[in-house]
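Visitor: Just passing along the structure, written as structure tokens.
The values are calculated or read from the model by the stated rules, or taken from the named source; none is laboratory data. Here the structure is a predicted model, which means the values were calculated and not measured. Cβ: placed from backbone, ideal geometry, glycine included. Neighbour counts: every protein chain shown.
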């Protein structure tokens with residue numbers, strides 16, 4: 001089977017962002033959009049092409065801007081924000097969303113923030129004034145669901161490197177000890193072992209598709225191909 005040229009990690013990462021139903025974006029310190037995925041078209045009816053480098057966040061949010069402004073101000077001070085918001089999409093349906101704002105630091109200063117807005121309508125009953133609820137995720141999502149979310153996050157990092165226990169705990173608003181304990185209970189292996197196994201499963205598929213082991217090693221962000229070969233051999237055995 002002939003080998004295929006590998007996609008760049010940047011291209012693969014971009015493809016992944018386009019496959020999720022969650023809204024992913026980056027807004028700079030002046031609240032100008034610098035990245036937005038295609039989910040914004042479904043949620044807001046706005047093409048990302050009309051957002052990136054052109055749109056202020058107030059233009060996107062409209063009447064929601066004033067409600068979100070306190071969270072925007074806090075994330076620009078370097079504090080992670082998580083809150084619920086009821087969003088009426090172009091179809092007329094109202095989604096209950098969980099928004100997470102994470103600050104981006106450069107040289108010790110906040111240069112902007114990352115946005116992840118997920119639809120939680122199916123896992124949380126609709127309640128009045130849902131847009132005012134700001135409870136941590138662990139308050140209303142079961143441990144089982146949280147660990148599934150962690151595993152989903154791990155899958156999104158297969159091509160970019162292990163995000164770290166601290167990073168995962170912070171992203172999912174869990175203590176590191178609870179994260180490690182609950183993950184081990186569900187998957188019967190450590191978080192890093194599970195992550196590495198997912199990488200090797202992906203590697204096996206890519207090799208069957210015709211990619212060389214050296215290409216796969218690069219795609220999976222290994223420091224060198226010899227380390228990858230050791231891991232892959234261990235996985236196959």
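Visitor: If you take the residues of the stretch 98-113 that are over 17 Å from residue 68 (Cβ atoms) and touching a strand residue (DSSP E or B) at 6+ places or on another chain (Cβ under 6 Å), which of them is surrounded by the most Cβ atoms within 10 Å (Cβ to Cβ)? Before you say what the answer is, go through the steps one by one.
Guide: So in the stretch 98-113, the residues over 17 Å from residue 68 (Cβ atoms) come out as 104-109, 111.
Now drop any that are not touching a strand residue (DSSP E or B) at 6+ places or on another chain (Cβ under 6 Å), which leaves 104, 111.
Working: 104: 17, 111: 14.
Among those residues, the one meeting the criterion is 104.
Visitor: Sticking with this one: Would you be able to tell me the number of residues in the stretch 75-94 that are within 18 Å of residue 58 (Cβ to Cβ) and exposed (fewer than 15 other Cβ atoms within 10 Å of the Cβ)?
Guide: Pass one, the stretch 75-94, residues within 18 Å of residue 58 (Cβ to Cβ): 75-76, 81, 83, 85, 87-88.
Those still in the list that are exposed (fewer than 15 other Cβ atoms within 10 Å of the Cβ) too: 88.
So the count comes out to 1.
Visitor: Does residue 110 meet the test of being closer than 26 Å to residue 41 by Cβ and either at pLDDT 90 or above or assigned to a strand (DSSP E or B) (or both)? Lay out the reasoning, then the answer.
Guide: Working: closer than 26 Å to residue 41 by Cβ: no; either at pLDDT 90 or above or assigned to a strand (DSSP E or B) (or both): yes.
Judged against the criteria, residue 110 is not a match.
Visitor: So residue 74 clears everything in (1) in a strand (DSSP E or B); (2) at pLDDT 90 or above; (3) over 19 Å from the mean Cα position of the chain (by Cα) except one condition, right? Which one?
Guide: The failed condition is (1).
Visitor: Let me ask you something else. When the residues of the stretch 154-169 are narrowed to those that are under 25 Å from residue 72 (Cα atoms) and either loosely packed, with under 15 Cβ neighbours inside 10 Å or assigned by TED's automatic domain parsing to the domain that holds residue 81 (or both), which ends up modelled with the lowest pLDDT?
Guide: Our first condition is that a residue be under 25 Å from residue 72 (Cα atoms); within the stretch 154-169, this holds for 163, 166-169.
Checking the rest, the ones that are also either loosely packed, with under 15 Cβ neighbours inside 10 Å or assigned by TED's automatic domain parsing to the domain that holds residue 81 (or both) come to 166-167.
Values: 166: 88, 167: 84.
Only one residue tops the list, namely 167.
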